[in-house]
Amino acid sequence: ISVIMPVYNTAPFLKEAIESILNQTEGDFELIIINDASTDNSGDVINSISDSRIRVINNEKNLGLAVSLNKGIRSATGKYIARMDGDDISIVNRFEEQLKTIKTADRKTVVCSTRLLIDENGNKIGKWKDDSKYCSPTEIRKQLPNNNCIVHPSIFVRKELLAEFFYDPEQQESEDYDLWLRMASDDVQFLKTSQPLVLHRIRKHSFTRQRQHNIFFKLFRVKIVFMFHEIIKGRINAFMLKTFAFAVLDTLKG
């Protein structure tokens, strides 16, 4: 397993995030940490932890999440790739459970899980409604043209599959949602376990929250760019048409 963890200014939570990976019951992995030119002491936190399974990539300048993730994919040596963020926590048996699931799944499968939300102090503050509501592969496929329902740092996927798609740097505001749309358009299925395997931290000044302007215009842009790229590749299908219909609705809501 290659665990890809991009890091940008998450120093207060970083040690706990790294240790949640190092303490996994399934220990056959490498942890690739991409320090995206953090301006806090994230680098010092990373360097303070000694473990032969950790590999560090230091970006000389801030390249953004999508580019950093792609660097991690290209450098990964594992058969499988697991995503992780520098301020979240993986449940101790996450990899063990996801490995069992993916070994019996079709090659074109992304394994993910639901999540529990925690605040900056680690207190549990609830669940993400769409995450818990859409769990079966059919429900997820129906919902994706409307909105994202996949927890990004919970995914576990074959490297060869992820390397067919990579992240689109043009979709910097929602690189994960764009990836799910492109995968679903190519008939990749999503298997979500109802058991939460990730504690997802909600921070007042997180990068994700800073990019949340008008959510409907954001959704519209992601969908239009996705469709434009798919059309260039000569792909037009029912999934894309459904996505376009929801994009129009997004403009009205916006």
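The values are calculated or read from the model by the stated rules, or taken from the named source; none is laboratory data. Because the structure is a prediction, the values reported are computed rather than measured. Protein only, heavy atoms only, side chains kept; ligands, DNA and RNA dropped before computing areas. Shrake-Rupley method; radii C 1.70, N 1.55, O 1.52, S 1.80 Å.
Using only the Cα atoms of region 5-136, construct the convex hull and provide its projected area averaged over every direction, in square nanometres to one decimal.
Here the figure is 8.9 nm², rounded to one decimal.
Past 27 Å, Cα to Cα, is the threshold; run Lys133/Lys242; Lys103/Lys133; Lys108/Lys142; Lys133/Lys253; Lys79/Lys218; Lys71/Lys129 against it and keep the listed order. Numbers along the way, then the final one.
Working: Lys133/Lys242 20 Å; Lys103/Lys133 25 Å; Lys108/Lys142 18 Å; Lys133/Lys253 22 Å; Lys79/Lys218 34 Å; Lys71/Lys129 32 Å.
With Cα atoms farther than 27 Å apart: Lys79/Lys218; Lys71/Lys129.
Hey, what angle do you get for helix 175-185 against the long axis of the chain, alpha-carbon based, 0 to 90 degrees rounded to 10?
Around 50 degrees separate the two axes.
Ignoring ligands and nucleic acids, what accessible area does Trp180 show with a 1.4 Å probe (Å², nearest 10)?
Around 0 Å² of this residue is reachable by solvent.
Distance between Cα centroids, region 54-68 to region 19-40: provide it in whole Å.
13 Å
Amide H neighbours of Tyr80 under 5 Å, at least 5 residues apart or on other chains, H built in the peptide plane: list them.
Ser2, Lys159
To make sure I understand the rule: partners must be aspartates and glutamates, Cα under 12 Å from the Cα of Lys100, and not fewer than 8 residues away in the same chain. Which ones qualify?
Glu26
Compute the distance from the alpha-carbon center of region 103-144 to that of region 163-207, in whole Å.
10 Å
Can you list the residues, at least 5 places off or on another chain, whose amide H is less than 5 Å from the amide H of Ile118, using H built in the peptide plane?
Ile125, His200, Arg201, Ile202
Antiparallel as a % of all DSSP beta bridges within the chain, to the nearest 5?
30 percent
Would you kindly find the accessible area of Thr101, with a 1.4 Å probe and non-protein molecules such as ligands, DNA and RNA excluded, rounding to the nearest 10 Å²?
Looks like 40 Å² after rounding.
From the P(r) of region 162-254, could you give the percentage of C-alpha pairs in the tail past 18 Å?
For region 162-254, the share of Cα pairs beyond 18 Å comes to 54 percent.
Which value, in Å² and to the nearest 10, is the accessible area of Glu26 when all protein chains are kept and the probe is 1.4 Å?
Rounded to the nearest 10, that gives 50 Å².
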